[in-house]
Structure formats: C-alpha cells, structure tokens
Amino acid sequence: MRHGTDLLRRTAELAVEYLRTLPDRPVMGEHDVAALRRELVTELPDEGEDPREVIEHLAEVGGRAAVAMAGPRYFGFVTGGALPSALAADWLTSTWDQNAFLYVAGPAASVVEEAVGAWLVDLFGLPPASGFGLVTGCQMAHFTCLAAARQAVLERTGWDATTRGLFGAPEIEVIVGTEAHSTVHTALQYLGMGRDRVRRVGSDGQGRLIAGELAETLATIPTEMPLIICLQAGNVNTGSFDPLRQSIDLARQRDGTWVHVDGAFGMWAAASPDLAHLVDGIGPANSWATDAHKWLNVPYDSGLAFVADAAVHARAMAPPHAAYLEYGPEQERDEVSWVPEFSRRARGFTIYAALRTLGRSGLRDLVERCCSLAQRMASRLAAANGVEILNEVVLNQVLVRFTPPDGGDPDAFTREVIRRVQADGTLWLSGTTWHEMAAMRISVSNWSTSEEDADRSVGAILRCATAS
Ligand SMILES: Cc1ncc(COP(=O)(O)O)c(C=O)c1O
C-alpha cells in the first residue's frame, strides 16, 4: 500500500492500546539503560527492514520504557498530558506534514494559528493587536520575547540590534527576581545579554518578588539606561505570583522600560474567574511567555510567545528576505516572521483542537480541578504526622517535607521518601530544595487526574513515608 495504510491502522491500534493501559501502568516505565541500549541500539542495517516489524518493536520497547507522564498520576516537574482531541490533531499534523513557515506552505496551518492567537490574546487579557508566535516551549517563548525586548530598548537609543548585533551597542540592564526560572537566564544567555549579568531583586517566603526592593533597584539605574524587567506568574516550586500590577506600575514610571512576564503555567489562571486575580494587571506588560504543553494539555512541543508591539516583535524575529521564498501578501500570516525557526511543525492544530473542545468553561474546569486536587492532596498530607506543607497552595503546586519518626534529619528523610515514591510506581514526582530545605514537589497539571488518583497517590506517599 503506497501510503502505508495497513501500517498506520496497526500503529493506531498500538497507540490506542497504550492509552487504554496508561492509567494502570507503573508510572516510571522500564528504565534500565543497559537493557534499553541492548534492545534499541543496533548496527544501522544495510538493507531496510519490514516497516511493520520496526514499528511493532518500537511500540513494544518504547511503550514499555515510556514514562506514563500523559497519565493521571504523573506529578513531576510541571507536566500536562494530551487531551484526546489534541492528540488526534497531532496525528493529523504529522499526517499532513505541513511546513508551517509560510502561508503558501500550509494555508490552514497559518489560519489556524491566527485563530489560536486571537483566542489566547483574549483569554489572557492581552492587548488585542499583540504579535504572537507558536514555539517549542516556554524556553523559546522567552527567547522570542526577550529578543523583541532587546530590539525595542536598543531602538530607543538609535541602535538596531537586528542588523548590527550587539558589538558597540549601548548596555542593557536586566532585572530579574531571585526566583526567576532558569529558562529566563538561558534566554538571556542565548541573546548575548549574559545569564548572570542581571540585577537580582529579592523574593519573599513564597518566592514572590518584593516590590519595595524592585523600587530600590530601579532608583539606582539611570533613567536613560535601556532596561528590561522580568516578572513571574507562577513559581515552579510554590506556584506563587510576583506582585504583577504593582511591579508593572513601578516599571511604567520610567519611559521605555520593557516588562516581560514568565507565565509558563501561571498565565492559565486567567481562565478561571476565581483565580484570575493572581494574574491581575499583566495586560500592560510588553511580552508574555507561556506553554500549551503544560496546562492546556496538548502534546509536546508547544510554547507561546506574545508581544504587545507586534511590529517590534516582527523586526526582532523575521529572517532576512531570500529570493526563493514566496511570502504571502500582507494580510496572510507567514509564521516565520514571529518565531526563531524557519522550517517548522504546524503547532496550531493541537492548540486549536484543545481550545475548541474545551471551550472557555472546559478550560476553566481543567484549571480549577487541578488546583482543587492540589489543595486536596496538600490537606490530606498535612493531616498526617511528620508531614509539613511548605507553601501556600495558591495554584497547582505543593511542596511537602517529611520529618522522620525517630527525629532524624528531615532533609535526608524527605529525599528518601521521594526515592521510595519514585520506585513504588503508583505515581511519580520529583524533589527540590526550597529555602535550603529538601522538599517533595507535587504539580497537578493533567486533564485526566481524578480525586481517586489524588487519594491513591496520597496513600502511596504516606505508605512510603511510614515504611522502614
Ligand atoms: C515558570 C517556568 N518558566 C519556564 C519554564 C520552562 O518551560 P519549557 O520547559 O516549556 O521551556 C517552566 C517549566 O516548568 C516554568 O515552570
């Protein structure tokens, strides 16, 4: 069959079978690296092998070793699953295999991006004419937004970073909170602004930037100095939010200051009237970065960059003209102008399917359900002896610390409980260090997690904390 119809039907069966067993799999699959290498790393064959055998082998070994992070009891990092509609759209995306860089290379891909961009700008309460780009993740969303920031603050001094680079350019000051996510620093690293050459503003016990310290730092920076401030909506450990309105108001007292918001998962609080106060005041920032592969639950990889000044966004991102390219006339969206990519996957389809099937109410339910499950897990854990919740559970993140019954070292014991939970297989989560204390991180971000999953997971955690 020329297009492999039988193979694809068989593959769909294998994929559906994987999904059927997903909720009951040990969450950490097989991970003996030596065994995996024995099964997967072979000599490149001289002659091609039978496609069905190759795919069945891959499905068997890959499926066995897959981490069940798309399933309901994966609480590691900040990880969404894949809504069935988004996964289905992902299959179509690969099937159509559009190179979504120019309108002419995928008209529907381009128009769907327009729809998605408009919906999200509205949902997050951003300026309606904002530019947006669909990128691989929040890391590249930061890169995109901070490239636009760099362009804008230097343009004010008469310097065009796009064409001239940074050699001889005026210096730029960058302010970040001490709790800024590492990907903000990495974006600064990639953009020649130096990941450590930043002014750090202190944060409080929940990881929120302290506005008073921001004001003090601002007072030390000459008013004509190009300046970028990076704020955070959703701390990766605690879920806390910087005082966004207050900080942006402070920034607005200086002309031309660029404010960037890292809202990798926290921006989605905007979908819930009960939680929207957490992102209150983000509208007047200049750029915003978030992810669809986290809380919207579309498959990897899917990040979103928004820039209020669409023209500066495009000046920072659009590649130089090449004679062989066919750009659409002005009213068509050529995606290449908005992202640091050239050939690229049509990322809009999955987001489109997710947003249409959820609707505003479904998205609100998804966000609120995750938060209430986080509350439920926190309160059940807190009720047990020797368990302490270290953060105010304002969103979907919980930090847990364990004291051993014999009064031993809580850091070592907390790490041991995490190790036991990871080995147990009922759920998966990871650890962190919070204010010099070892802590267990629980992040509830999956559309399919139920109360039963939350309770079963708490049961397994407490079992691991009491096992000797
Ligand atoms: C606050 C924050 N910013 C940025 C990121 C990076 O996102 P990505 O992995 O999609 O690049 C994360 C990831 O968890 C995050 O929590």
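Computed from the coordinates by the stated procedures, all read-outs in this text should not be read as laboratory data. Here the structure is a predicted model, which is why all the values come from computation and not from measurement. Cβ coordinates were reconstructed from backbone atoms using ideal geometry, including for glycine residues, and neighbour counts include every protein chain displayed.
So here's what we get for this one:
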{"item": "Expected 222 nm ellipticity per residue - DSSP helices of 4 or more, -39500 (n - 2.57), all of the chain, to 500", "result": "-13500 deg cm²/dmol"}
{"item": "Computed Kirkwood radius, in angstrom, where 1/r is averaged over Cα pairs of the chain", "result": "23.8 Å"}
{"item": "Inter-probe distance in nm under a simple model that places probes 7 Å from Cα toward Cβ, at Ser379 and Thr162", "result": "5.3 nm"}
{"item": "Ranked by how many other beta carbons lie within 10 Å on average, peptides 274-280, 356-362 from highest", "result": "274-280, 356-362"}
{"item": "Three-way shape label, the stretch 5-68, alpha-carbon gyration tensor, a/c 1.5", "result": "oblate"}
{"item": "Residue order, fewest to most beta carbons within 10 Å, for Met440, Met69", "result": "Met69, Met440"}
{"item": "Spin-label model distance (nm) - Ser182 vs Arg197, 7 Å beyond Cα toward Cβ", "result": "2.2 nm"}
{"item": "Inter-part distance where the stretch 364-429 and the stretch 1-65 are each reduced to a Cα centre, Å", "result": "34 Å"}
{"item": "The stretch 323-468 shape via C-alpha gyration tensor axes, a/c threshold 1.5", "result": "prolate"}
{"item": "Sequence-separation-based contact order of the chain, relative, with Cα cut under 8 Å and 6+ spacing, percent", "result": "23 percent"}
{"item": "Burial order of peptide ranges 111-117, 142-148 (average beta-carbon count within 10 Å, highest first)", "result": "142-148, 111-117"}
{"item": "Computed lengthening from Arg20 to Leu7, 0.36 nm per intervening residue step minus Cα-Cα distance", "result": "2.7 nm"}
{"item": "Relative contact order of the stretch 90-354, pairs being alpha-carbon contacts under 8 Å that are 6 or more residues apart, as %", "result": "33 percent"}
{"item": "Overall form of the stretch 90-354 per C-alpha gyration tensor (a/c, 1.5; a/b vs b/c)", "result": "oblate"}
{"item": "Theoretical gain in end-to-end length, Trp96 to Arg38 [0.36 nm per residue, Cα-Cα removed]", "result": "17.5 nm"}
{"item": "Pair Asp249, Glu436: separation of 7 Å Cα→Cβ label points (nm)", "result": "3.4 nm"}
{"item": "Percentage relative contact order, the stretch 5-68, counting C-alpha pairs under 8 Å, at least six apart", "result": "60 percent"}
{"item": "Ordering of 151-157, 369-375 by packing [mean C-beta count within 10 Å, highest first]", "result": "369-375, 151-157"}
{"item": "Local electrostatic count at Phe241 - Lys and Arg +1, Asp and Glu -1, tallied over other residues with Cβ under 14 Å", "result": "-4"}
{"item": "Modelled FRET efficiency - R0 51 Å, His57 with His321, Cβ distances, 0.05 increments", "result": "0.65"}
